[in-house]
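Asker: I have a structure here, written as structure tokens, and I will follow up with some questions on it.
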């Protein structure tokens with residue numbers, strides 16, 4: 001739905017924002033933009049969703065982020081929904097070492113959510129469509145040309161027909177070989193492949209007798225997600241070198257032979273599907289924005305799939321970007337707002353690439369790595385080491401520089417869920433963010449806080465509430481992505497609040513002023 005507020009839009013464009021790539025990141029971003037009434041079109045080169053799920057784990061920060069849009073339950077298929085009660089122990093791995101415990105660093109559970117990538121993509125696509133997003137399948141983008149006013153995309157349909165689409169902004173969510181990134185002249189830099197990996201789904205003749213989970217042998221690694229009654233997902237990691245031809249199709253015989261070589265004995269299988277190659281190439285876009293073109297997800301960063309961190313990072317990219325881009329389209333963004341997408345999200349992905357490179361090094365099957373793995377496993381039992389690794393893998397330690405002094409202890413942090421009592425009844429912190437609007441929480445019924453924010457009433461929701469659990473603050477300014485832009489502790493009054501409101505949400509309404 002178009003609100004009629006768009007101001008950063010040329011008169012001759014067809015749409016405000018075009019998202020190239022209809023995977024989970026692109027579809028989540030589309031639905032987010034629709035929250036703000038931004039006319040959005042998604043172009044996806046495949047005619048139908050593949051149904052393949054290359055990832056299936058959502059970590060804590062992604063789960064928390066989706067909860068702030070009311071989507072956490074929706075992305076979990078089946079009857080079982082991950083509980084929010086604290087857990088004493090949440091086992092995970094680092095480099096295939098199973099000693100990692102995520103629980104100590106999680107302030108808001110669940111720590112892990114099972115959500116097959118294809119299922120989450122469908123949920124996000126349905127939300128986007130219901131919100132008015134136009135999704136065009138079978139449309140391949142072949143060229144992207146931008147000016148200071150608009151971006152022109154050349155598209156080719158499956159039947160060969162070409163077309164032109166003009167947008168004010170374009171976001172590339174079209175994967176590691178992103179056409180958008182290449183046409184925008186953004187370099188993709190990092191480390192080249194050193195290993196060769198295969199992945200696919202097969203029906204195992206003896207699923208109960210197959211190796212389960214991560215298995216390290218002197219010849220490499222296998223990983224089995226075993227289904228007793230259907231297709232099992234199987235992967236192989238060969239450390240002898242990269243693929244001679246990364247683009248050649250994987251044959252069933254090659255796949256089965258590689259599984260059996262690494263396992264060391266025959267593994268009877270049939271009905272192969274989704275056979276593919278990948279590697280440990282770790283690459284990142286040097287910048288996430290070039291003029292009116294932006295990047296998110298695999299278009300911005302790719303790496304070896306260690307613990308599903310790539311999908312999680314991409315989904316968080318989408319939520320960070322959407323409200324900032326929407327503010328620009330609507331003509332409400334303060335100077336430099338959109339550039340904070342790069343300054344906040346680029347370091348997060350760079351750190352993911354580093355920890356994944358470390359995991360690949362730890363996974364080497366040679367005997368020279370055995371001692372290192374034993375030592376590293378021992379170190380992971382040290383609480384400080386475990387907390388460092390768990391915070392990094394789960395995203396629980398992500399925080400941003402929001403321009404506040406160190407005395408503001410909550411600024412830049414993700415604020416955990418809590419129940420609230422308001423004049424309209426009970427609600428939760430997360431539910432207040434479902435609309436995608438920023439929220440100023442007045443937790444001490446202080447008129448001066450509400451007066452200080454009066455000029456931003458059209459853009460910021462001011463809510464007076466009493467938390468069920470006592471919080472060490474009088475007020476919190478929450479960005480739409482759930483991170484605090486400002487908070488007030490006892491005695492600090494409204495100091496810094498108008499500056500924080502201007503920094504993130506622009507100038508107050510004309511004539512309203514600010515305290």
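The values are calculated or read from the model by the stated rules, or taken from the named source; none is laboratory data. Given the structure is predicted, the values throughout are model-derived calculations rather than measurements. We place every Cβ from the backbone using ideal geometry, glycine too, and count neighbours over all the protein chains shown.
Asker: Return yes when residue 308 is surrounded by 14 or more Cβ atoms within 10 Å (Cβ to Cβ), over 20 Å from residue 177 (Cβ atoms) and in contact with a strand residue (DSSP E or B) (Cβ under 9 Å, 6 or more places away or on another chain) and no when it is not.
Answerer: Yes: the conditions hold for residue 308.
Asker: Enumerate the pairs (first residue in the stretch 415-427 and within 19 Å of residue 85 (Cα to Cα); second residue anywhere and assigned to a loop (DSSP other than H, G, I, E, B) and modelled with pLDDT of 95 or more) with beta-carbon separation below 6 Å, excluding pairs fewer than 6 apart on the same chain, so at least 6 apart or on different chains.
Answerer: 416/107; 416/108; 417/108
Asker: Of the conditions (1) crowded, with 23+ Cβ neighbours inside 10 Å; (2) farther than 30 Å from residue 378 by Cα; (3) in contact (Cβ under 8 Å) with a residue 60 or more places away in the chain, residue 75 satisfies every one except a single condition; which number is it?
Answerer: Residue 75 satisfies all of (1) crowded, with 23+ Cβ neighbours inside 10 Å; (2) farther than 30 Å from residue 378 by Cα; (3) in contact (Cβ under 8 Å) with a residue 60 or more places away in the chain except (3).
Asker: Looking only at residues in the stretch 164-213 that are in a helix (DSSP H, G or I) and over 24 Å from the mean Cα position of the chain (by Cα), which one is modelled with the highest pLDDT?
Answerer: Among those that are in a helix (DSSP H, G or I) and over 24 Å from the mean Cα position of the chain (by Cα), it is 207.
Asker: May I ask you to say which residue of 471, 429, 501 is at pLDDT below 95, outside the structural domain of residue 335 (by TED's automatic domain parsing) and within 29 Å of the chain's Cα centre (by Cα)?
Answerer: Residue meeting the stated conditions: 471.
Asker: I would also like to ask the following. Got at least one residue in the stretch 385-394 being more than 26 Å from the chain's Cα centre (by Cα), closer than 26 Å to residue 57 by Cα and in contact (Cβ under 8 Å) with a residue 40 or more places away in the chain?
Answerer: Checked against the condition, which is being more than 26 Å from the chain's Cα centre (by Cα), closer than 26 Å to residue 57 by Cα and in contact (Cβ under 8 Å) with a residue 40 or more places away in the chain, the stretch 385-394 yields no hits at all.
Asker: Same structure, new question: Within the stretch 501-512, track down each residue that is in contact (Cβ under 8 Å) with a residue 12 or more places away in the chain and surrounded by fewer than 24 Cβ atoms within 10 Å (Cβ to Cβ).
Answerer: 502, 503, 506, 507, 508, 509, 512
Asker: Moving to a separate point now. Here are some conditions: (1) farther than 30 Å from residue 380 by Cα; (2) in a strand (DSSP E or B); (3) in contact with a helix residue (DSSP H, G or I) (Cβ under 6 Å, 6 or more places away or on another chain). Residue 128 meets all but one. Which one does it not meet?
Answerer: Answer for residue 128: the failing condition is (2).
Asker: Let me spell it out: the conditions are (1) buried (at least 23 other Cβ atoms within 10 Å of the Cβ); (2) under 24 Å from residue 479 (Cα atoms); (3) in contact with a strand residue (DSSP E or B) (Cβ under 9 Å, 6 or more places away or on another chain), and residue 102 meets all of them except one. Which number is the exception?
Answerer: Among (1) buried (at least 23 other Cβ atoms within 10 Å of the Cβ); (2) under 24 Å from residue 479 (Cα atoms); (3) in contact with a strand residue (DSSP E or B) (Cβ under 9 Å, 6 or more places away or on another chain), the lone unmet condition for residue 102 is (2).
Asker: Something else now. Please pick out the residue among 172, 213, 163 that is in contact (Cβ under 8 Å) with a residue 40 or more places away in the chain and in contact with a strand residue (DSSP E or B) (Cβ under 8 Å, 6 or more places away or on another chain).
Answerer: 172
Asker: Tell me which residues, restricted to the stretch 84-96, are closer than 26 Å to residue 214 by Cα and either surrounded by fewer than 21 Cβ atoms within 10 Å (Cβ to Cβ) or at pLDDT below 95 (or both).
Answerer: Result: 87, 88, 89, 90, 91, 92, 93, 96.
Asker: Something else about it: Just checking, which of 137, 156 is out of contact with any helix residue (DSSP H, G or I) (no Cβ under 9 Å at 6 or more places or on another chain), surrounded by fewer than 17 Cβ atoms within 10 Å (Cβ to Cβ), within 28 Å of residue 245 (Cβ to Cβ) and modelled with pLDDT of 95 or more?
Answerer: Going through 137, 156 in turn, just one is out of contact with any helix residue (DSSP H, G or I) (no Cβ under 9 Å at 6 or more places or on another chain), surrounded by fewer than 17 Cβ atoms within 10 Å (Cβ to Cβ), within 28 Å of residue 245 (Cβ to Cβ) and modelled with pLDDT of 95 or more: 156.
Asker: Among 253, 258, which is the only one that is without any contact (Cβ under 8 Å) to a residue 12 or more places away in the chain and assigned to a helix (DSSP H, G or I)?
Answerer: From the options 253, 258, the qualifying one is 253.
Asker: Specify the residue that is nearest to residue 111 (Cα to Cα); the eligible residues are those in the stretch 397-407 that are touching a helix residue (DSSP H, G or I) at 6+ places or on another chain (Cβ under 9 Å) and touching a residue at least 60 places away in the same chain (Cβ under 8 Å).
Answerer: In this case the residue turns out to be 397.
Asker: Follow-up question, since we're still on this one. Residues that are within 26 Å of residue 397 (Cα to Cα), without any contact (Cβ under 8 Å) to a residue 60 or more places away in the chain and not assigned by TED's automatic domain parsing to the domain that holds residue 36: does the stretch 475-482 have at least one?
Answerer: Yes.
Asker: Another question, then. When you scan the stretch 271-290, do you find a residue that is more than 30 Å from residue 348 (Cβ to Cβ), in a loop (DSSP other than H, G, I, E, B) and not assigned by TED's automatic domain parsing to the domain that holds residue 19, even just one?
Answerer: There is no residue in the stretch 271-290 that is more than 30 Å from residue 348 (Cβ to Cβ), in a loop (DSSP other than H, G, I, E, B) and not assigned by TED's automatic domain parsing to the domain that holds residue 19.
Asker: For the stretch 16-54, which residues satisfy the criterion of being out of contact with any helix residue (DSSP H, G or I) (no Cβ under 9 Å at 6 or more places or on another chain) and either surrounded by fewer than 19 Cβ atoms within 10 Å (Cβ to Cβ) or on the phi > 0 side of the Ramachandran plot (or both)?
Answerer: Selection gives 46, 47, 48.
Asker: Here is a list of conditions, (1) farther than 28 Å from residue 112 by Cα; (2) more than 16 Å from the chain's Cα centre (by Cα), and residue 274 meets all of them except one; can you say which number that is?
Answerer: That leaves (1) as the condition not met.
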